[in-house]
Amino acid sequence: MSTQLRRSLMSGLDGLRHEPSPKRIRAALGDQTVVDTTRAVLLWEPRRVVSSWAVPIEDVAAELVPAAAATTVADKEGYALPDICQRPVLDPSIPFAVHTAEGDVVDVRAGQQVRAGAGLRLADPDLDGYIVLDFGAFDAWWEEDEVNVGHPREPFHRIDVLRSSRQVRLELDGQVLAESSRPRLLFETLLPIRFYLPREDVLAELVPSSTRTTCAYKGYASYWSPVVGGREVTDLAWTYEKPLREASEVAGRVAFFDERVDVVLDGVGRERPVTPWSERTHH
């Protein structure tokens, strides 16, 4: 019997997973480079869907000081994604401080720079001598000589941006938000299709939001709150004004959360997908 590939990829979600990387990985605290290694591994703690960098302790030019005990997560805590896994997954909104892998939590200190709980010494024989690092606790990361934003970029995750002439109509509460025959379709591993539309094809009034988010594959997003029935729907849409290279074709275009609007594609209504953003504000 054939197995859907995404289920195969997620079959080990309950366990500790890692993948060696051939890249040179560096990280900084302030103006000091405290990680410089060519032996990094991508590390997924049990039930996490986004990886962290784990590096040899000897490649960390900082003091590692024992910290308070790790926070553990209840078995049923997380977000249900039935299309991917039977158990709740830990999406990026769950902070690094919540650990599902065994190990000792440490503070990372370099001069006056102190990052509490920013490291986890793993208690796993296959990764003896490695420490997992909190991506967000450091001031900058590089893969080779390119800045890495958001979280590590994974070899099993990709985006494709394709031009299309399919007819896309977005509605909410009976109001047409946008209609276009010239979308850019962005396909991303394990995520719904995102429809990036020219701004002139957006019919609803868009009110700028102060919300900003980061994607390792697309860059920095700014948000819009469209006016629907006289009220603003907070952070329902977003734009990448200056996306990363792989997403350059969506620059300046507007996308909406399919999870929270009604999408009609070539005259056929689509079911709203279920993702961690179905009931949350941020992308």
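The values are calculated or read from the model by the stated rules, or taken from the named source; none is laboratory data. Quantities reported herein were computed from a predicted structural model and do not represent experimental measurements. Every residue, glycine as well, gets a Cβ built from its backbone with ideal geometry; the counts of neighbours run over all protein chains shown. Only protein heavy atoms, including side chains, enter the accessible area calculation; ligands, DNA and RNA are left aside. Shrake-Rupley method; radii C 1.70, N 1.55, O 1.52, S 1.80 Å.
Go over the candidates Leu191, Leu185, Leu244, Leu236 one by one and state the one that is in contact with a Leu (Cβ under 9 Å, 6 or more places away or on another chain) and closer than 27 Å to Gly136 by Cβ.
Residue meeting the stated conditions: Leu236.
Determine whether Leu191 is in a strand (DSSP E or B) and either among the aliphatic types (A, V, I, L, M) or modelled with pLDDT of 95 or more (or both).
In short, no.
Just the residues that are open to solvent by 30 Å² or more (accessible area, probe 1.4 Å) and either without any contact (Cβ under 8 Å) to a residue 24 or more places away in the chain or assigned to a strand (DSSP E or B) (or both), please, taken from region 228-245.
Once the filter is applied, which keeps residues that are open to solvent by 30 Å² or more (accessible area, probe 1.4 Å) and either without any contact (Cβ under 8 Å) to a residue 24 or more places away in the chain or assigned to a strand (DSSP E or B) (or both), region 228-245 yields Gly230, Arg231, Glu232, Glu241, Lys242, Arg245.
Say whether the condition of being within 29 Å of Arg48 (Cα to Cα) and open to solvent by less than 20 Å² (accessible area, probe 1.4 Å) is met by at least one residue in region 262-274.
No, that holds for no residue.
Quick one: which of Val207, Val147 is farther than 24 Å from Val34 by Cα and either β-branched (Val, Ile, Thr) or surrounded by 14 or more Cβ atoms within 10 Å (Cβ to Cβ) (or both)?
Only one candidate passes the filter, namely Val207.
State whether one or more residues within region 109-116 are under 21 Å from the mean Cα position of the chain (by Cα), under 30 Å from Leu29 (Cβ atoms) and either modelled with pLDDT of 90 or more or open to solvent by 30 Å² or more (accessible area, probe 1.4 Å) (or both).
no
Residues in region 68-92 that are under 17 Å from the mean Cα position of the chain (by Cα) and modelled with pLDDT of 70 or more: how many?
Qualifying residue count for the region: 6.
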